[in-house]
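Here the structure is laid out as structure tokens; the discussion comes afterwards.
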Amino acid sequence: MRRRTRHNEIAAGGGRCVGSWAGTGEYLPVDAASRPPLLAGLRRTYEGLPLLEADLAPDPVAQFAVWFDDALAAELPEPNAMVVATSSAGGRPTARTVLLKHYDEAGFVFYTNYESRKGRDLAENPRACLLFPWHPIRRQVRVEGSVVRLPREESAAYFGSRPYGSRIGAWASRQSAVVHSREELDRRYAALSARWPEDPPAPDFWGGFRVVPAEVEFWQGQLDRMHDRLRYRRSGASWVVERLAP
Ligand SMILES: Cc1cc2nc3c(=O)[nH]c(=O)nc-3n(C[C@H](O)[C@H](O)[C@H](O)COP(=O)(O)O)c2cc1C
């Protein structure tokens, strides 16, 4: 309960703001004459209640659950949207937003096309970094770890729970491939929905990935850039917590 109370204070705009940003997270329209705003001048003052070692849950998944509940309570838009960074075997990094669909002690799960760019990266280099940028509550969570595919039955069960249109869309999209036109995509969608007017099966090329955390960092913005950063690092069967300089 204590955590929720503290969080609500943060969500209610405990931070002081400078530039064109209001404490509520609203962006105030700027006078046309001053457009475009100078990026160098866009900054916010971050002020949250301290994140202390003594307040942390014993493991990072339990701590993530506390913060995820806070993000929900703060009504962040898409709090389960996360940036997933991958890299090819040759070390070429890239990143994109995906939705977290499940998490537990085993790890963090998202669904995608296994033949997409991220799918190909993860086939040759099964490591990823997840980033939850929860700006309005001045928080960020970073997860790093190894990646495994979900068992086929689990992916198929989740696929079956998706709306019909999303299931056909998954079949219609050769995710990350070049398409010649929007019409080409729409034709594929129409042909596949004619083929399966209901209950399309789960494609073999589509399914879940689980990121098994090796490190999870919780970042809480504070005044004067003296932010709190606490990182859990897996050490054998337990977790070590370390404070990092901001
Ligand atoms: C809010 C949001 C949520 C998204 N969720 C997913 C998702 O859960 N799975 C997915 O494959 N792509 C999702 N996307 C699209 C990806 O960002 C990306 O365009 C796509 O997966 C192809 O990425 P890749 O070419 O790097 O593999 C989402 C995009 C946004 C903006």
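Take Y158 and tell me if it is in contact with a Lys or Arg (Cβ under 8 Å, 6 or more places away or on another chain), surrounded by 11 or more Cβ atoms within 10 Å (Cβ to Cβ) and in a helix (DSSP H, G or I). Taking the combined requirement at face value, the residue satisfies it.
Just one residue in the set A177, A202 is closer than 24 Å to D121 by Cα, modelled with pLDDT of 95 or more and surrounded by 16 or more Cβ atoms within 10 Å (Cβ to Cβ); that residue is A202.
Could you tell me whether any residue of segment 193-207 is part of a strand (DSSP E or B) and within 16 Å of the ligand (Cβ to nearest atom)?
Yes, the conditions are met somewhere in segment 193-207.
Please determine whether any residue of segment 183-196 is touching a Gly at 6+ places or on another chain (Cβ under 8 Å) and of a type outside the set (V, I, T).
So in segment 183-196, the residues touching a Gly at 6+ places or on another chain (Cβ under 8 Å) come out as 189.
Then drop every residue that is not of a type outside the set (V, I, T), which leaves 189.
Scanning segment 183-196 turns up at least one residue that is touching a Gly at 6+ places or on another chain (Cβ under 8 Å) and of a type outside the set (V, I, T).
Is there any pair with a first residue in segment 162-189 that is under 24 Å from F110 (Cβ atoms) and assigned to a loop (DSSP other than H, G, I, E, B) and a second that is within 15 Å of the ligand (Cβ to nearest atom) and not aromatic (F, W, Y) whose Cβ atoms are under 6 Å apart and which are 6 or more apart or on different chains, and what are they? Filtered contacts from segment 162-189: Q175/N113; Q175/S116; S176/S116; S176/R117; V179/L185. Counted as qualifying within segment 33-109 are no strands (runs of 3 or more DSSP E), as none has 2 or more residues that are without any contact (Cβ under 8 Å) to a residue 40 or more places away in the chain, more than 16 Å from the ligand (Cβ to nearest atom) and out of contact with any helix residue (DSSP H, G or I) (no Cβ under 9 Å at 6 or more places or on another chain). Residues in segment 110-125 that are touching a Phe, Trp or Tyr at 6+ places or on another chain (Cβ under 9 Å) and either under 22 Å from E215 (Cβ atoms) or assigned to a strand (DSSP E or B) (or both): F110, Y111, T112, N113, K118, L122.
The values are calculated or read from the model by the stated rules, or taken from the named source; none is laboratory data. Just so we're clear, the structure is a prediction, and the values are computed from it rather than from any experiment. Glycine also receives a Cβ, built like all others from the backbone with ideal geometry; neighbour counts cover every protein chain displayed.
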